[in-house]
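Enquirer: Here it is, the structure in full.
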Amino acid sequence: MSGESRTGGFTSGGAGRAQTPIDFAVGASVFLLTLGFVIAFVPTVFDPFAGAETASPVVSDRVAAGIAGDLLAASPAEPAVLSPACTAAFFDGDEGNATLADAADCPAGLTNDTAAEFGLDDDVLVVVHAMGEADPVGNASTVTVDTRYGTHTVDMRRSTRDPVRVDRGGVSVSQRLVSIEGTQYRLTVWVW
């Protein structure tokens, strides 16, 4: 016992190497894969803090909710059911129809500039269109609504500026499902 080696049977020769080429290859592969993932995903960690060139989705969502739930809603209990008279007054030209809005007792600010009404410096385009419409900017619905103030045929599109800019970058879009006289439509708001 006293003459035995305490090294556990390993000798100092080449046959007892601790690292083999396969061990090195596995270790190097794991290191390179980890490094690749770090390089690929670290830049996305800082994306929420980068300044975006688009309008905030929160802004377009606030405008869509305000129009469908407050300005054009028939009652606060049914925010997606639009008042025919207020809807006609809102979409009657780019400035709205103040006479109809007053006669129908619509909310204040219905005929104001949409961007100014929501406190925005941006441009706003509001379109009500058919549910499956592929190009809502160019294909707004035209609706004839009967109100106690007369029959109004309105093109359901209102913009603060030229809507051609919607096709360019920097646009935030929000949508709401709405109903006008029992027919379902989609209200889409672009802010840029």
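The values are calculated or read from the model by the stated rules, or taken from the named source; none is laboratory data. Just so it is clear, the structure is predicted and the values come from calculations on it, not from any experiment. Every residue, glycine among them, receives a Cβ derived from its backbone with ideal geometry; neighbour counts consider all protein chains shown. Protein only, heavy atoms only, side chains kept; ligands, DNA and RNA dropped before computing areas. Shrake-Rupley method; radii C 1.70, N 1.55, O 1.52, S 1.80 Å.
Matching residues to (1) modelled with pLDDT of 85 or more; (2) more than 18 Å from the chain's Cα centre (by Cα); (3) buried (at least 16 other Cβ atoms within 10 Å of the Cβ); (4) within 22 Å of Trp192 (Cβ to Cβ):
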| residue | (1), (2), (3), (4) |
| --- | --- |
| Val59 | yes, no, yes, yes |
| Asp102 | yes, yes, no, no |
| Thr111 | no, yes, yes, no |
| Gly119 | yes, yes, no, yes |
| Val127 | yes, no, yes, yes |
| Asn139 | no, yes, no, yes |
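Enquirer: For the stretch 160-192, which positions are hydroxyl-bearing (Ser, Thr, Tyr), at pLDDT below 90 and open to solvent by 20 Å² or more (accessible area, probe 1.4 Å)?
Expert: Matches in the stretch 160-192: Thr160 only.
Enquirer: Considering each of Pro43, Pro76 in turn, give the residue that is at pLDDT below 90, closer than 30 Å to Leu120 by Cβ and exposed (fewer than 10 other Cβ atoms within 10 Å of the Cβ).
Expert: Pro76
Enquirer: Here is a list of conditions, (1) open to solvent by 10 Å² or more (accessible area, probe 1.4 Å); (2) of a type in the set (S, T, N, Q); (3) under 26 Å from the mean Cα position of the chain (by Cα), and Asn97 meets all of them except one; can you say which number that is?
Expert: Failed condition: (3).
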